[in-house]
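The next block holds one structure in the form of structure tokens; read it before the comments.
Derivation of every value follows stated rules applied to the coordinates shown; laboratory data play no part. This one's a predicted model, so the numbers in the text were calculated from it and none came from an experiment. All Cβ positions, even for glycine, are placed from backbone atoms using ideal geometry, and neighbour counts span all protein chains on display.
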Amino acid sequence: VKQSGKNNYMFFDTKMLEKLKGKVEIASALREALKTEGFKLLYQPQIRVKTGELVGFEALLRLKDQKISPDLFIPVAEETGLIIEIGKWVTKEVINQIAVWKEKGLKLKPIAINFSAKQLNDEKYLEFLEEALKEKSVNPAYIEIEITEGILLERTESTIAFLNQLKGIGVKIALDDFGTGYSSLSYLTFIPVNKIKLDKSLNDKFLEIENIKVMDSLISLVHSLGLEVIAEGIEEEEQYKRLKIGGCDYIQGYLFSKPLAIEEIEKIYNHNFLE
Ligand code: C2E
Ligand code: CA
Ligand code: CA
Ligand code: CA
């Protein structure tokens, strides 16, 4: 290899990088991370539209020392079943974080956790969650579980039963990525959810004339079902202003804040984003 010169090294490096990004390598990076505290969570602020208050967060998973994004490693975690262990780690970490804030005397704010459909295979999840909450004396109302409608594709009845159990222990449920996939409005009448998260793809388009009416009606409809609505992926001031007129409850997006590490979050914990 050596005598063939610089270019071949580069070729080799590129190939190695490609390989590193392969599923097998991602899977082993995930296994390694589970063993070595190699995961961390970032927290993205959620803002009340009317007042600008920071009212809660979404926990978003990262691999500490790697540039692999969740869009790449979450699917691998799901395919390999590792998502079950990872999901438990995320849950525990979030509950610990709330306990830390409680200890510091901060006014608690709910944290949303992403829950993959594959985690339904974890029959012990509910027990695990309850136990972790009890252990840290954290009120379940500060936990919000984000599901996507994909969770309903199979085993609808047992899934609804699971969601009702979650609700039963006092945990909140949000329907994530609404406006992608099947997004049948009829879902909203039979799945037990508290909140609808309007997907970025929907929010990127609603300022166009015809879509504004659809957005306003959607928000009214969600409200008429007694649910709250949060718009995600909001990057533009214009979107915020229009969503305020439309009566949207909450906003999450780069306009106000990217997902942040804990130290950053603590600096803005009582921040008002409109002041
Ligand atoms: P998601 O649940 O839809 O999360 C929202 C994604 O949009 C996050 O990407 C967030 O960083 C990004 N985002 C937020 N605001 C904006 C914005 O204004 N503009 C743009 N362009 N993006 C914005 P992230 O953190 O890369 O996560 C990607 C996906 O990975 C998540 O999508 C979720 O499906 C999955 N994921 C992340 N953490 C977890 C986890 O702990 N468990 C599970 N099961 N899935 C997770
Ligand atoms: Ca989410
Ligand atoms: Ca989403
Ligand atoms: Ca998504």
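Structure notes:
- A simple spin-label model places the labels of residue 213 and residue 264 4.1 nm from each other, with each point 7 Å out along Cα-to-Cβ.
- Computed magnitude of the charge dipole of segment 133-199 (debye, nearest 20; Cβ of K, R +1, Cβ of D, E -1): 340 debye
- Within straight-line cross-link reach of residue 241, lysines at Cα separation under 22 Å, skipping those fewer than 8 residues along the same chain: 50, 195, 197, 200, 205, 213, 258
- Three-way shape call for segment 26-178 based on the alpha-carbon gyration tensor, with the a/c threshold at 1.5: rounded
- For segment 33-73, the residues whose amide N sits under 18 Å from a probe point set 7 Å from the Cα of residue 92 along the beta carbon direction are 33-42, 60-64.
- Top positive-direction residue, dipole computed over the chain with Cβ charges, set 77, 190, 52: 77
- Label zone at residue 220 (point 7 Å along Cα-to-Cβ), backbone N below 16 Å, segment 240-270: 243-249
- In order through segment 199-214: 3J(HN,Hα) via Karplus (6.51 cos²θ - 1.76 cosθ + 1.60), integer Hz, x for Gly, Pro: 5, 3, 4, 6, 5, 5, 10, 5, 5, 5, 2, 5, 5, 4, 4, 4
- Only Lys, Arg (+1) and Asp, Glu (-1) charged, at Cβ; the chain dipole about Cα centre in debye: 600 debye
- Computed over the chain: relative contact order in percent, which uses C-alpha pairs under 8 Å that are six or more apart: 20 percent
- Evaluated with a Cβ-only charge set (Lys, Arg +1; Asp, Glu -1), segment 160-208 carries a dipole of roughly 240 debye about its Cα centre, given to the nearest 20.
- For segment 224-244 versus segment 111-158, the gap between their alpha-carbon centres in whole angstrom: 25 Å
- Equivalent ellipsoid semi-axes, the chain, via Cα gyration tensor eigenvalues times 5, rooted, Å: 32, 24, 21
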